[in-house]
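In what follows, a structure is listed as C-alpha cells, so that the remarks can point back to it.
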Ligand code: PEP
Ligand code: MN
C-alpha cells in the first residue's frame, strides 16, 4: 500500500494536517517559510530571523550545507551554520528549515532542524530519504529538476515507509525548453499532486524564477492554485549575497509581500499559520 497516496483529495477539510513545532501545516493552514538561501554570518542570520518573526512568517529557512552546481563555489558554513541557526531559533522561536545533503550529517542537522529540506538534486537519493524517514524529523521533499509527479510521490514513500508521516512536497520549477527564465514553475502540479496524495504541497517561487521581480506574482499564483504554503528566499543585502542574490527578496519588501500572499491564501480558504499554537 502507498502510504502517501491515501485520502488524496482537493477538499482541504479531508487533507493531512501536521503539527510542526507548534505550527499547523496543511489543510486550511498556509505556511510561509522564509529566510536567506544560505547561512553566511551571525549578523545576516539574526537580522533576517528577527525580520521574519516581526513580519509573521511561519518558519525560518537557511542552508548550512549547499548543493552547488560547481564544486568550486561556496559549499555552506556546515557545523558553524547549524550553530547560527540554533541561535536564531533560540532568539525568535521560529522553527528552522535547513537542508541535509549527506547521511553522515543527519544527527547534527536533526539537532537544529524542525524540518529537513531535501534539495531538488537529492530527490532520488534513496538512502538519504530512508535515513530521514528513520530520523522522524519532518521533511520537505523538493521535486527534482526533471522528475515526474509520480517519481516525486514515490520518493516521498521512502520517507513515509520508515514511519515518518510528516512530509511536505515542494514544486520548485522544472527544466523545460524555455530559456527565458531559470526553471518553469509547474503550478498545475499543485492540484494534481493533491489528487495523488494527502500530503501538503508547497511552492518555491524563488528557485523557479531566479529573479526577484517574478517572485511576488508567482507566490500569489501559488496561493491561488491551492498551495499549502510557500518557501521563499529573503536576504538583508541580496546584492552582497554569496549565492542566489538576484532572486532573494529584500527584507524591507517582505512585510508588504506577505500581506498580499496572505490575502490570496485567505481567498483560497486558508489562514496564515504564524503564531505558535
Ligand atoms: C535551496 O532551497 O536553496 C535550493 C538549493 O533549492 P533547490 O534544491 O530546489 O535547488
Ligand atoms: Mn537558494
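We did not get these values from a lab; they are worked out from the coordinates using the rules stated. Predicted model only: the values in this text are computed from it and were never measured. Cβ sites come from the backbone with ideal geometry, for glycine too, and all protein chains shown count toward neighbours.
Of the residues 16, 88, only one is touching a residue at least 24 places away in the same chain (Cβ under 8 Å), in a loop (DSSP other than H, G, I, E, B) and either in contact with a strand residue (DSSP E or B) (Cβ under 9 Å, 6 or more places away or on another chain) or within 14 Å of ligand 1 (Cβ to nearest atom) (or both); which?
Answer to the check: 16.
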So, in region 26-40, of the ones that are over 12 Å from the mean Cα position of the chain (by Cα) and over 16 Å from residue 266 (Cβ atoms), which residue ends up surrounded by the fewest Cβ atoms within 10 Å (Cβ to Cβ)? 40
Of the numbered conditions (1) within 17 Å of the chain's Cα centre (by Cα); (2) away from ligand 2 (no atom under 16 Å from the Cβ); (3) farther than 17 Å from residue 51 by Cβ, residue 171 satisfies every one except a single condition; which is it? (2)
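Determine, yes or no, whether residue 197 is in contact with a helix residue (DSSP H, G or I) (Cβ under 8 Å, 6 or more places away or on another chain), farther than 21 Å from residue 59 by Cα and crowded, with 24+ Cβ neighbours inside 10 Å.
Taking the combined requirement at face value, the residue satisfies it.
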Please go through region 57-79 and pick out each residue that is in a loop (DSSP other than H, G, I, E, B), in contact with a helix residue (DSSP H, G or I) (Cβ under 6 Å, 6 or more places away or on another chain) and more than 12 Å from ligand 2 (Cβ to nearest atom). 64
Here is a list: 73, 48. Which entry is in contact (Cβ under 8 Å) with a residue 24 or more places away in the chain, over 23 Å from residue 166 (Cβ atoms) and in contact with a strand residue (DSSP E or B) (Cβ under 6 Å, 6 or more places away or on another chain)? 48
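Any residue that is over 13 Å from residue 31 (Cα atoms), within 15 Å of ligand 1 (Cβ to nearest atom) and not in a loop (DSSP other than H, G, I, E, B) - is there at least one of those in region 183-190?
Kept after step one, since they are over 13 Å from residue 31 (Cα atoms), are these residues of region 183-190: 183-190.
If we keep only those that are within 15 Å of ligand 1 (Cβ to nearest atom) too, we end up with 183-186, 189.
Next, only the ones that are not in a loop (DSSP other than H, G, I, E, B) stay: 184, 189.
Checked against the condition, which is being over 13 Å from residue 31 (Cα atoms), within 15 Å of ligand 1 (Cβ to nearest atom) and not in a loop (DSSP other than H, G, I, E, B), region 183-190 yields at least one hit.
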So residue 43 clears everything in (1) surrounded by fewer than 19 Cβ atoms within 10 Å (Cβ to Cβ); (2) in contact with a helix residue (DSSP H, G or I) (Cβ under 9 Å, 6 or more places away or on another chain); (3) part of a helix (DSSP H, G or I) except one condition, right? Which one? (2)
Kindly check whether there is at least one residue in region 126-137 that is under 17 Å from residue 2 (Cα atoms), more than 16 Å from ligand 2 (Cβ to nearest atom) and either within 14 Å of the chain's Cα centre (by Cα) or buried (at least 17 other Cβ atoms within 10 Å of the Cβ) (or both). yes
Consider residue 108 carefully, then state whether it is away from ligand 2 (no atom under 16 Å from the Cβ), within 26 Å of residue 41 (Cα to Cα) and in contact (Cβ under 8 Å) with a residue 12 or more places away in the chain. yes
Residue check, residue 121 within 16 Å of ligand 2 (Cβ to nearest atom) and surrounded by fewer than 22 Cβ atoms within 10 Å (Cβ to Cβ): yes
